[in-house]
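These notes concern the structure reproduced below.
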Amino acid sequence: MTTENENSRPVPPKNRGYETERLSYLLRQQEILAAFGTFALQTHSMEELLQEATRASAEGLRCDHAKALEYLPSEEQFIVRAGVGWKEGIVGHARIAADLESPAGYAFKTGKPVISNHLEQERRFRTPRLLMEHGIRRAINVLIALDEDRFGVLGVDSPEGERFTEADAAFLKGFANLLNLAIGRHLTEARLKEALRHQEVLNDEISHRVKNSLAIVASLLRMQRLAAVDPGLQNALSDAQRRVETIANVHDRLWRSRDERTVDLAEFLNGLCEQFCAEGLDAKTLKCDAVPVTVVTEQAVTIGLLTNELITNALKYAYPNGTGDISLSLARSEQPTYLRIMVCDHGVGLPRDMDTGAPTSLGMKLISRLARELGGRPEWQNAQPGTRFVLDFPARELR
């Protein structure tokens with residue numbers, strides 16, 4: 001971060017009696033605080049935030065050394081998270097005691113700013129080795145706290161220069177307050193990201209268990225079908241097994257999309273058709289032509305179940321004596337905000353005595369019910385030859 005007039009550093013007035021010099025010094029500090037506040041709102045990096053805090057606070061007090069210390073509860077020490085003016089290898093590694101006998105520890109424990117203008121003569125505290133190694137003679141430390149949680153300490157140090165004053169402590173405290181708000185925002189964002197990651201793990205576990213449960217149900221139905229003697233019961237159990245597997249496939253594809261609210265229907269329906277092709281079509285071909293449209297997940301589930309039922313029926317009954325084509329299409333309807341789904345074959349067609357308005361078979365009843373759930377009225381047409389299923393329904397797109 002750079003500030004306006006970057007090379008002009010605040011110079012403490014040599015004679016505090018001259019109010020004009022003192023006012024200029026304080027105004028420069030306010031400019032630095034304002035610039036840091038803007039930077040803190042824009043950055044998304046904790047490291048950059050702490051590093052800029054040490055640089056700017058050192059500039060504000062016209063010193064060459066500053067450090068941001070983070071408290072490590074497990075070690076009962078501080079780690080130097082950011083800093084300026086220190087030898088290589090200090091930032092990110094060096095530790096400082098966090099007890100009441102160190103200036104930073106006292107500021108951390110009591111919450112009071114600590115000014116030490118003569119460390120070599122200091123009797124209240126011991127001088128940390130880090131400061132002695134750099135010839136530091138005066139230091140000022142203030143608490144960085146997030147409500148009840150204490151993050152650490154912001155300190156400015158110097159081997160020479162004028163005494164730190166209460167006004168300097170007030171400046172550094174104001175700096176720490178801005179830092180408190182910025183760190184709090186960063187930690188909140190980090191916790192939200194962690195909560196989202198945890199939620200994803202839970203969703204994965206739930207989806208895995210649902211998939212396994214459906215697979216067990218399908219397996220039980222298969223075992224019952226193999227044990228059954230009556231052909232009608234075998235067919236009924238086979239249909240039930242297929243429908244459970246359909247639900248499992250729809251669930252699996254929706255889960256893999258990683259979008260809990262919406263589904264791209266073109267991608268979704270193409271995937272379902274690929275699944276049919278992978279399982280074998282017995283010399284029949286399946287084509288899919290779907291426009292890109294996104295609908296809410298609840299509606300996509302119903303569309304998936306309906307599509308599976310229609311394609312399965314066409315594969316079973318349209319071409320009993322040979323090969324043939326089956327097509328699935330999804331397009332925008334002539335009615336605004338409506339979609340049209342069609343499944344068409346060129347096979348033997350529907351039985352002449354079949355009343356599509358009052359279906360009797362379980363498959364046709366299921367198709368009729370799913371169509372009503374989508375808000376449309378199913379229409380069975382003679383494709384000459386074959387059968388065409390048409391359904392116009394309102395798209396439930398996320399708004």
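All of the numbers you see were taken from the coordinates with simple rules; none came from a lab. Please read all numbers here as calculations on a predicted model, not as lab measurements. Methodologically, a virtual Cβ is constructed for each residue, glycine included, from the backbone with ideal geometry; neighbour enumeration extends over all protein chains shown.
DSSP assigns beta bridges within the chain; of those with both partners inside it, close to 90 percent run antiparallel.
With each label modelled as a point 7 angstrom along the Cα→C-beta vector, the residue 100-residue 27 pair spans 4.5 nm.
Taking the square roots of five times each eigenvalue of the Cα gyration tensor of the range 289-358, the equivalent ellipsoid has semi-axes of 26, 14, 12 Å, listed largest first.
Where in the range 64-84 is the amide nitrogen less than 20 Å from a point lying 7 Å along the Cα-to-Cβ axis of residue 120? Within reach of a label on residue 120: 64-65. For the range 331-347, the residues whose backbone nitrogen is under 17 Å from a point 7 Å from the Cα of residue 397, taken along Cα to Cβ, are 331-341. Computed extension length for residue 251-residue 223: 7.8 nm, one decimal, from 0.36 nm per residue of separation with the Cα-Cα distance subtracted.
Within the chain, the proportion of C-alpha pairs whose separation exceeds 40 Å stands at 49%. Straightening the chain between residue 75 and residue 48 buys 7.3 nm, computed as 0.36 nm per residue apart minus the Cα-Cα spacing.
Hydrodynamic radius of the range 259-399 by the Kirkwood approach over all distinct alpha-carbon pairs: 15.4 Å. Candidate cross-link partners of residue 211 among the aspartates and glutamates, defined by an alpha-carbon separation under 14 Å and a same-chain spacing of 8 or more, comprise 245, 252. For the chain, relative contact order (Cα pairs under 8 Å, six or more residues apart, normalised by length) works out to 9 percent. Only Cα pairs under 8 Å and 6+ residues apart enter the sum, and on that basis the relative contact order of the range 209-363 stands at 18 percent.
Approximating the spin labels as points 7 Å out from Cα along Cα→Cβ, the residue 373-to-residue 289 distance works out to 2.8 nm. For residue 284, the lysines whose Cα comes closer than 27 Å to its Cα, not counting residues fewer than 8 places off in the same chain, are 316, 365. Modelled spin labels at residue 353 and residue 177, positioned 7 Å past Cα toward Cβ, are 9.0 nm from each other. Absence of a disulfide-compatible partner, taken as no other cysteine beta carbon within less than 4.7 angstrom, is noted in the chain for 63, 277, 344. How high is the relative contact order of the range 14-137, in percent, with contacts defined as C-alpha pairs under 8 Å that are six or more residues apart? Value for the range 14-137: 14 percent. FRET efficiency for the residue 234 to residue 209 pair, using the beta carbon distance and R₀ = 25 Å, is estimated at 0.25.
Relative to the globular-protein estimate of 2.2 N^0.38 Å, the Cα radius of gyration of the range 19-191 stands at 0.97.
Here the residues 282, 99, ranked from fewest to most Cβ neighbours within 10 Å of their Cβ, fall in the order 282, 99. Kirkwood hydrodynamic radius of the range 63-127 from all distinct Cα pairs, in Å? One over the average 1/r among Cα pairs gives 12.5 Å for the range 63-127. Given a Förster distance of 51 Å, report the FRET efficiency between residue 270 and residue 187 from their Cβ-Cβ distance, rounded to the nearest 0.05. In this case the efficiency is close to 0.75. Calculated FRET efficiency, residue 150 to residue 19, Cβ-Cβ distance, R0 = 30 Å: about 0.20 to the nearest 0.05. Cross-link partners of residue 173 among aspartates and glutamates, defined as those whose alpha carbon lies under 17 angstrom from its own and excluding same-chain residues fewer than eight positions apart: 31, 52, 59, 70, 147, 148, 149, 157.
Dividing the helix sum by the residues of the chain, where each DSSP H run of 4 or more adds -39500 (n - 2.57), gives a mean residue ellipticity at 222 nm of -16500 deg cm²/dmol.
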